[in-house]
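Read the structure below first, then the notes.
The values are calculated or read from the model by the stated rules, or taken from the named source; none is laboratory data. Remember, it's a predicted structure, so these values are computed and weren't measured experimentally. Note that we place each Cβ from the backbone using ideal geometry, even for glycine, and neighbour counts take in every protein chain shown.
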Amino acid sequence: MEAQSNILDPWLMTIGILGQLSGEKSSNSSVAPDWAQGFESSPRKRADGPTIRFLERATTTSVTLAWLDPLRCVYGNQEWHLVRARHSGVCAVSGRQIQCDEYVYRPQRRRPQAVNADAMILRDELEKRL
């Protein structure tokens with residue numbers, strides 16, 4: 001019985017990792033990977049909201065971002081393209097409303113579809129942080 005007390009519980013390990021990646025501060029936690037530290041998703045950052053980091057501008061209409069959402073997905077190197085919004089929504093960075101036909105960055109379409117495929121970032125919000 002005592003030998004098993006040294007075994008780490010996988011569930012507790014998972015919760016600890018999620019806490020580290022979501023920015024939770026703990027004396028036992030290590031620093032999140034460099035790509036996981038970026039600009040916050042919103043001035044009113046939710047504990048479950050994404051952390052987004054600009055990695056590079058590939059072309060004048062595409063960028064590479066790291067997207068870390070502790071409850072949904074992690075993309076360490078995701079290409080986003082400048083397009084016109086086909087529907088209204090909310091900017092993943094600022095929380096501002098997005099109207100149809102505004103210029104936004106969206107994840108590159110692919111199969112299987114990315115978990116964050118519905119996300120949008122207003123062009124102004126991304127470009128003022130570059």
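For the range 123-130, the condition of being touching a residue at least 60 places away in the same chain (Cβ under 8 Å), surrounded by fewer than 19 Cβ atoms within 10 Å (Cβ to Cβ), more than 20 Å from residue 19 (Cα to Cα) and among the aliphatic types (A, V, I, L, M) holds for at least one residue.
Report yes if residue 93 is free of Cβ contacts under 8 Å to residues at least 60 places away in the same chain, buried (at least 17 other Cβ atoms within 10 Å of the Cβ) and part of a loop (DSSP other than H, G, I, E, B), otherwise no.
Spelling it out, residue 93 is indeed free of Cβ contacts under 8 Å to residues at least 60 places away in the same chain, buried (at least 17 other Cβ atoms within 10 Å of the Cβ) and part of a loop (DSSP other than H, G, I, E, B).
Among the residues of the range 107-130, the one identified as in contact with a Phe, Trp or Tyr (Cβ under 7 Å, 6 or more places away or on another chain), over 17 Å from residue 50 (Cβ atoms) and part of a helix (DSSP H, G or I) is 123.
What tally of residues in the range 82-120 results from selecting those that are hydrophobic (A, V, I, L, M, F, W, C) and within 26 Å of residue 17 (Cβ to Cβ)?
Kept after step one, since they are hydrophobic (A, V, I, L, M, F, W, C), are these residues of the range 82-120: 82-83, 85, 90-93, 98, 100, 104, 114-115, 117, 119-120.
Then drop every residue that is not within 26 Å of residue 17 (Cβ to Cβ), which leaves 92-93, 114-115, 117, 119.
Total satisfying the criteria: 6.
With respect to the stated conditions, residue 84 fails to be in contact with a Phe, Trp or Tyr (Cβ under 9 Å, 6 or more places away or on another chain), farther than 28 Å from residue 14 by Cα and touching a residue at least 60 places away in the same chain (Cβ under 8 Å). Of the residues making up the range 86-123, those that are under 21 Å from residue 76 (Cα atoms) and among the polar types (S, T, N, Q) are 94, 108, 113, 116. Taking the range 96-116 as the range and being of a type in the set (A, V, I, L, M, F, W, C) and modelled with pLDDT of 95 or more as the test, the residues that pass are 98, 100, 104. Exactly one residue out of 40, 79 is at pLDDT 85 or above, surrounded by 12 or more Cβ atoms within 10 Å (Cβ to Cβ), closer than 25 Å to residue 18 by Cα and acidic (Asp, Glu): that is 79.
Restricting attention to the range 96-118, and to residues there that are surrounded by 17 or more Cβ atoms within 10 Å (Cβ to Cβ) and hydrophobic (A, V, I, L, M, F, W, C), which single residue is nearest to the chain's Cα centre (by Cα)?
The initial filter retains those residues of the range 96-118 that are surrounded by 17 or more Cβ atoms within 10 Å (Cβ to Cβ), namely 98, 102, 104-107, 114, 116.
Subset that is hydrophobic (A, V, I, L, M, F, W, C): 98, 104, 114.
Details: 98: 18, 104: 16, 114: 12 Å.
Among them, the one singled out is 114.
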